[in-house]
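Q: I'd like to ask some things about the structure below.
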Amino acid sequence: MKANEKIQAFVLNQAMNYISGNPEKNLPKLLTWVENIWGDDFSAMSEVFHKILDDPENIWHQFVMELWQDIDNDVLKTTFSNFVVNASITGERKQEEYRAKYGCNVPWAILLDPTSACNLECIGCWAAGYCNHHSNQLNMSYETLDSIIRQGKELGTYFYLYSGGEPLVRKADIIRLCEAHSDCQFAAFTNGTLIDEAFADEMLRVKNFIPAISVEGFEADTDFRRGQGTFKKVERAIAILKARRLPFGISCCYTSKNVDVIGSEAYFDQMIDWGAKFCWFFTYMPVGQGAVPELMATDEQRAFMYHQIRKFRETKPLFTLDFWNDGEYAGGCIAGGRRYLHINANGDMEPCAFIHYSDSSVYEKTLLEALQSPLFMAYKEGQPFNNNHLRPCPLLDNPGALARMVERSGARSTDLQDPEDVFELSAKCKNAAENWAPVADGLWEASGHCAECLAKRQVA
Ligand SMILES: C[S@@+](CC[C@H](N)C(=O)[O-])C[C@H]1O[C@@H](n2cnc3c(N)ncnc32)[C@H](O)[C@@H]1O
Ligand code: SF4
C-alpha cells in the first residue's frame, strides 16, 4: 500500500468508526466536515446527501441508517472502502487514464463465470448451453481467475461479479480470491442453495463478498422456473446471512409469466422484509437454442416494470437496478467493456452475459488485448446504439446492430452446446424491438428528453 493510500485507509477507518457510534447524529456532522474541506468539488453530491440526511421522512434516510443497524460494521467498512473508494473513485480515475492512453473501453466491473457447473436446471437459462447437465462442464482455474483480476486491477477495475453456472460450486476458490484481493469488491449471482453456515462464516471473515440471490417471485413462480423446493432453500440461505448481519441482494429475471408478481408491491415488501439491500432486474432474453421466446416480456410488461421500479424508488428502502431500462442513467449500453464485460467458464471474453459471441480468449490474449479486439472496438464505436437510452441493447432493442458487429469482427458463437447463428438470434428479438420502440420513445420524451434527437441517430 502506498503512503497516501495508507493515510486514506486510516482516515476512512476513523470516519466509519465515528459514524457507527451514532449514525443519525454523526453522519450530518461528517457531511459538514467534508463540505468544509472539499467545498465546491463536493457541491453536487452534497445536495443529494443533504436531501437524504436532513429529512428523516426521506426513504433513503431510513435506508442509510439501517445499513449500520443491519450490517456487520467491519463488512460495511470494507464494502465502502473497496466498492466506493477503490472501484468507483480511485479505480475510475485509473480507468479513465487507460481509456485515453489505449483508445479502447476499460471496464468498471468484470463478470466472471468460474464454472459452467450448476446444481439446478432453470427453464430457459441463458447459461444452459454451458451447464454440467449437458456434459460439458468447464472451470476456469484459480490461477486463471487470479490472473484476470490482477490484469483488471492494473487497468483500475476493482469490482468482480461471478455468474455461471452456479459460482458457489467453487466456494473455496471464491473465498481464496477474496483473500488474495482484499482491496477488491466481489459479488455473485447465485441460486443461493449452496449457502450454508460454514460459507457464511467465511464471508464474514473475508468481508468483501456479497451475494445476489436469484428469485423469481414467491414460492410458486420460483419453484416453477428453478425447481421444486428451491424457494425454501433460498429462504434458509437468507436466514443464515441475516443471522450474521451479512449484506445480500436479490436478482430477478422477469418474464411474461411472472412480471405481475415481480413488479408488485407485495413482492418488493417481501424482499425488504427478507433484509435485501438491493435488487437487480433482468428481462428474459431468448439466448441459446434452448431459449423459450414465449417467456419474453411484452412491451406493455416492460413498461409496467419501468413504472413500478421508478415508483418504488421513491417509496421503498431497496436499491434497485434495472439492467435495460436504466440505460437512461448509464448513457445506454454498458457492455463491451464500456462499464463491464463477461468472461465465460471456457475463458471466452464476451461483451455481455447475454451476448455469446467472442473473438478473444483469456488463454490467447490479455484483457487489454481483448478490449482492443475488433468485437470490443466495434462496441466502443457503436455505443450508444440508440439515441433513446431506453432502447440501449444491440440485441434486444436494435437487433441489426449486434449482427453487424459480430459479422464484421469475425467473432464466433461461444455457446458450447449449440452454436447460435447471430442472425437467427437477432430474429428472435425483432418483434420485441419493434413493439418496444414507440413505447420507449414515448417514455423518453415524457421524461423530458429531446424528441428530435431520437430521429438523428438510430443504428437499428
Ligand atoms: C445464469 S444465472 C447464473 C448464476 C446463478 N446460477 C443464478 O442462478 O443466479 C445469472 C442470472 O441470470 C438470470 N437468467 C438466466 N437466464 C436468463 C435469461 N434467459 N434472460 C435473462 N436472465 C436470465 C438468472 O435468473 C440469474 O439471476
Ligand atoms: S439460472 Fe443459475 S441456477 Fe438456474 S440453471 Fe441457470 S445457472 Fe443454474
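Q: Can you go through LEU138, LEU53 and tell me which one is more than 16 Å from ligand 2 (Cβ to nearest atom) and buried (at least 17 other Cβ atoms within 10 Å of the Cβ)?
A: Of the residues listed, the single one that is more than 16 Å from ligand 2 (Cβ to nearest atom) and buried (at least 17 other Cβ atoms within 10 Å of the Cβ) is LEU53.
Q: Among the numbered conditions (1) over 20 Å from the mean Cα position of the chain (by Cα); (2) within 30 Å of GLY229 (Cβ to Cβ), tell me where VAL75 comes up short.
A: So the condition that VAL75 fails would be (1).
Q: While we're here: Residues that are touching a helix residue (DSSP H, G or I) at 6+ places or on another chain (Cβ under 7 Å) and more than 29 Å from ILE175 (Cβ to Cβ): does segment 265-275 have at least one?
A: The answer is yes, given that some residue of segment 265-275 is touching a helix residue (DSSP H, G or I) at 6+ places or on another chain (Cβ under 7 Å) and more than 29 Å from ILE175 (Cβ to Cβ).
Residue-by-condition table, conditions (1) within 24 Å of GLU420 (Cα to Cα); (2) in contact with a strand residue (DSSP E or B) (Cβ under 8 Å, 6 or more places away or on another chain); (3) within 10 Å of ligand 2 (Cβ to nearest atom); (4) at pLDDT 95 or above:
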| residue | (1), (2), (3), (4) |
| --- | --- |
| LYS101 | no, no, no, yes |
| CYS104 | no, no, no, yes |
| TRP108 | no, yes, no, yes |
| ILE123 | yes, no, yes, no |
| CYS131 | yes, no, yes, no |
| ARG150 | no, no, no, yes |
| TYR158 | no, yes, no, yes |
| LEU161 | no, yes, no, yes |
| ASP173 | no, no, no, yes |
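Q: Do you know which residues across segment 320-349 are touching a Cys at 6+ places or on another chain (Cβ under 8 Å) and crowded, with 22+ Cβ neighbours inside 10 Å?
A: Selection gives TRP324, GLY327, CYS333, ALA335, GLY336, GLY337, LEU341, HIS342.
Q: I'd like the full set of residues that are closer than 21 Å to LYS277 by Cβ and either within 16 Å of ligand 1 (Cβ to nearest atom) or among the basic types (Lys, Arg) (or both), limited to segment 164-192.
A: Across segment 164-192, the qualifying residues are PRO167, LEU168, ILE174, PHE186, ALA187, ALA188, PHE189, THR190, ASN191, GLY192.
Q: Something else about it: Run ILE149 past the list (1) away from ligand 1 (no atom under 15 Å from the Cβ); (2) β-branched (Val, Ile, Thr); (3) within 15 Å of the chain's Cα centre (by Cα) and report the number of the one that doesn't hold.
A: (3)
Q: Does ALA188 qualify as being free of Cβ contacts under 8 Å to residues at least 60 places away in the same chain and assigned to a strand (DSSP E or B)?
A: Answer is yes for this residue.
So that you can scan it fast, the table gives a plain yes or no per residue for (1) under 17 Å from the mean Cα position of the chain (by Cα); (2) closer than 20 Å to THR115 by Cβ; (3) within 16 Å of ligand 2 (Cβ to nearest atom):
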| residue | (1), (2), (3) |
| --- | --- |
| ILE334 | yes, no, no |
| GLY337 | yes, no, no |
| TYR357 | no, no, no |
| SER361 | no, yes, no |
| LEU371 | no, no, no |
| ASN388 | no, no, no |
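Q: Output the number of residues of segment 308-365 satisfying the condition of being within 30 Å of TRP68 (Cβ to Cβ) and of a type in the set (D, E, K, R).
A: Number of matching residues: 8.
Q: Sticking with this structure for a sec: For segment 204-260, give me each residue that is among the polar types (S, T, N, Q) and under 18 Å from LEU168 (Cα atoms).
A: Correct list: ASN208, SER214, THR230, SER251.
The rows are residues; the columns are (1) among the aliphatic types (A, V, I, L, M); (2) closer than 23 Å to SER413 by Cβ; (3) without any contact (Cβ under 8 Å) to a residue 24 or more places away in the chain; (4) outside the structural domain of LEU295 (by TED's automatic domain parsing).
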residue: LEU111; (1), (2), (3), (4): yes, yes, no, no
residue: THR115; (1), (2), (3), (4): no, yes, no, no
residue: ILE123; (1), (2), (3), (4): yes, yes, no, no
residue: TRP126; (1), (2), (3), (4): no, yes, no, no
residue: SER141; (1), (2), (3), (4): no, no, yes, no
residue: SER147; (1), (2), (3), (4): no, no, no, no
residue: LYS153; (1), (2), (3), (4): no, no, no, no
residue: TYR160; (1), (2), (3), (4): no, no, no, no
residue: HIS181; (1), (2), (3), (4): no, no, no, no
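Q: Hey, another quick one. Which members of segment 184-218 meet the condition of being away from ligand 2 (no atom under 16 Å from the Cβ) and of a type in the set (D, E, K, R)?
A: ASP196, GLU197, ASP201, GLU202, ARG205, LYS207 - these are the residues of segment 184-218 that are away from ligand 2 (no atom under 16 Å from the Cβ) and of a type in the set (D, E, K, R).
Q: Please report, ordered by residue number, the helices (runs of 4 or more DSSP H) entirely within segment 331-426 with at least 3 residues that are free of Cβ contacts under 8 Å to residues at least 40 places away in the same chain.
A: Output list reads 374-382, 399-409.
Q: Answer yes or no as to whether ALA297 is touching a strand residue (DSSP E or B) at 6+ places or on another chain (Cβ under 9 Å) and under 23 Å from ASP74 (Cα atoms).
A: When the stated conditions are applied, ALA297 does not pass them.
Q: Given (1) within 16 Å of ligand 2 (Cβ to nearest atom); (2) of a type in the set (D, E, K, R); (3) closer than 25 Å to LYS257 by Cβ, where does ARG313 come up short, assuming only one miss?
A: (1)
The values are calculated or read from the model by the stated rules, or taken from the named source; none is laboratory data. These numbers were taken from a predicted model, which means no experiment stands behind them. Cβ: placed from backbone, ideal geometry, glycine included. Neighbour counts: every protein chain shown.
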